[in-house]
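Asker: Just dropping this structure here.
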């Protein structure tokens, strides 16, 4: 038995070496091939293969999503697909060339895509084909599942989603995704062509693979990237609004003012923010009133719960907010700007010694809307607070 296991291990190792051997190094010269050697890519060839993969996905993601079983190869990409794949019939070709499709992501369905980037790396070769793993970064326009289900119905015979209702652009949101693909390329004449480009971890059963609930090949990405200049500018503005809002709120409220605020908050949103503006006047030239930093709607009592407004039981005053840690929430999207917000604050107790302060830590979830100078806080939720000294 031990000898058999050893034999199997050797066979697996040889197979892996053979697959990986096809990818050349970044050197422009390759080692001489023997009669038994597999094909390799030099630096120039690898660059050409990566370029066709990039061009392919850029064109592919201009195609409308299609979950039908017999989907053929879209005309937009046919000039980049190998002859052997083009010669296959529609259904068979669809197994090798996976089209964009409707995919369910966390209660939303992606209905349109825009490609942002492709990272492709060679992982081996098979005969005259080279195998690449491609990570495709996408911006996906999505509808809430309920809206999608009322606007589209699936054709059980073909798997295609057919429009049976309508929706407005205001119901759509945009998220960022990474889609993984296994790609095969081969050289035909002087150019590389795509032989296959399939969703990574592909499910064998066609119908199961094409279900919108099969999202195994995609991962949701953080919407904002601090390394990106544009995204970093958005982060800077949004974190500044959050910091200013809590700093001003702390200056506006103490225990007595919280007692006076409660009936205003209970009454209506206008009374609520008018009171806040009456007890806090911004001093800086470019500072905004608290009401200018808040967007209140019919659900304001949920979004700005009275119990989330800094001053808690047995607190007289909160001041000296510091050490802000503001991080992007995983659910952040184009329309739902959500952050985790943590900070320290000095707290004077109701029955404490005058001038004596305790250091507290606060943890919030904060949502915003708008862009640039029109950014507004749409909700704050207190997750926890505690006395750091205890």
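Asker: Working only within the stretch 282-311, note down all residues that are crowded, with 16+ Cβ neighbours inside 10 Å, in a loop (DSSP other than H, G, I, E, B) and touching a residue at least 40 places away in the same chain (Cβ under 8 Å).
Answerer: Selection gives 288, 295, 309, 310, 311.
Asker: Still on this structure: Test residue 173 against the criterion of being touching a residue at least 60 places away in the same chain (Cβ under 8 Å), surrounded by 13 or more Cβ atoms within 10 Å (Cβ to Cβ) and within 26 Å of the chain's Cα centre (by Cα), and give yes or no.
Answerer: It is true that residue 173 is touching a residue at least 60 places away in the same chain (Cβ under 8 Å), surrounded by 13 or more Cβ atoms within 10 Å (Cβ to Cβ) and within 26 Å of the chain's Cα centre (by Cα).
Asker: Residues of the stretch 188-205 being more than 27 Å from the chain's Cα centre (by Cα) and either touching a residue at least 60 places away in the same chain (Cβ under 8 Å) or at positive phi (or both), which ones?
Answerer: 188, 189, 191, 192, 193, 194, 195
Asker: Would a scan of the stretch 365-378 turn up a residue that is assigned by TED's automatic domain parsing to the domain that holds residue 331, within 15 Å of residue 311 (Cβ to Cβ) and touching a strand residue (DSSP E or B) at 6+ places or on another chain (Cβ under 6 Å)?
Answerer: no
Asker: Looking only at strands (runs of 3 or more DSSP E) that fall completely inside the stretch 150-252, which ones have 2 or more residues that are in contact with a helix residue (DSSP H, G or I) (Cβ under 7 Å, 6 or more places away or on another chain) and modelled with pLDDT of 95 or more?
Answerer: 173-188, 191-199
Asker: Can you spot a residue in the stretch 255-272 that is crowded, with 17+ Cβ neighbours inside 10 Å, at pLDDT 95 or above and not in a helix (DSSP H, G or I)?
Answerer: There is no residue in the stretch 255-272 that is crowded, with 17+ Cβ neighbours inside 10 Å, at pLDDT 95 or above and not in a helix (DSSP H, G or I).
Asker: Quick one: in the stretch 360-381, which of the residues that are surrounded by fewer than 16 Cβ atoms within 10 Å (Cβ to Cβ) and in a strand (DSSP E or B) is nearest to the chain's Cα centre (by Cα)?
Answerer: Filtering the stretch 360-381 for residues surrounded by fewer than 16 Cβ atoms within 10 Å (Cβ to Cβ) gives 361, 363, 369-374.
Now narrow it down to the ones that are in a strand (DSSP E or B): 361, 363, 369.
Details: 361: 29, 363: 23, 369: 17 Å.
Restricting to residues being surrounded by fewer than 16 Cβ atoms within 10 Å (Cβ to Cβ) and in a strand (DSSP E or B), the top hit is 369.
Asker: For the stretch 304-318, indicate whether the set of residues that are within 30 Å of residue 105 (Cα to Cα) and modelled with pLDDT of 95 or more is non-empty.
Answerer: First, the residues of the stretch 304-318 that are within 30 Å of residue 105 (Cα to Cα): 304-305.
Those left that are additionally modelled with pLDDT of 95 or more: 304-305.
Yes, the stretch 304-318 has at least one match.
Asker: Something else: So is residue 316 touching a residue at least 60 places away in the same chain (Cβ under 8 Å), farther than 30 Å from residue 141 by Cα and more than 33 Å from the chain's Cα centre (by Cα) or not?
Answerer: yes
The values are calculated or read from the model by the stated rules, or taken from the named source; none is laboratory data. If you're wondering where the values come from, they're calculated on a predicted model, not measured in any experiment. Positions of Cβ are backbone-derived with ideal geometry, glycine not excepted, and every protein chain shown enters the neighbour counts.
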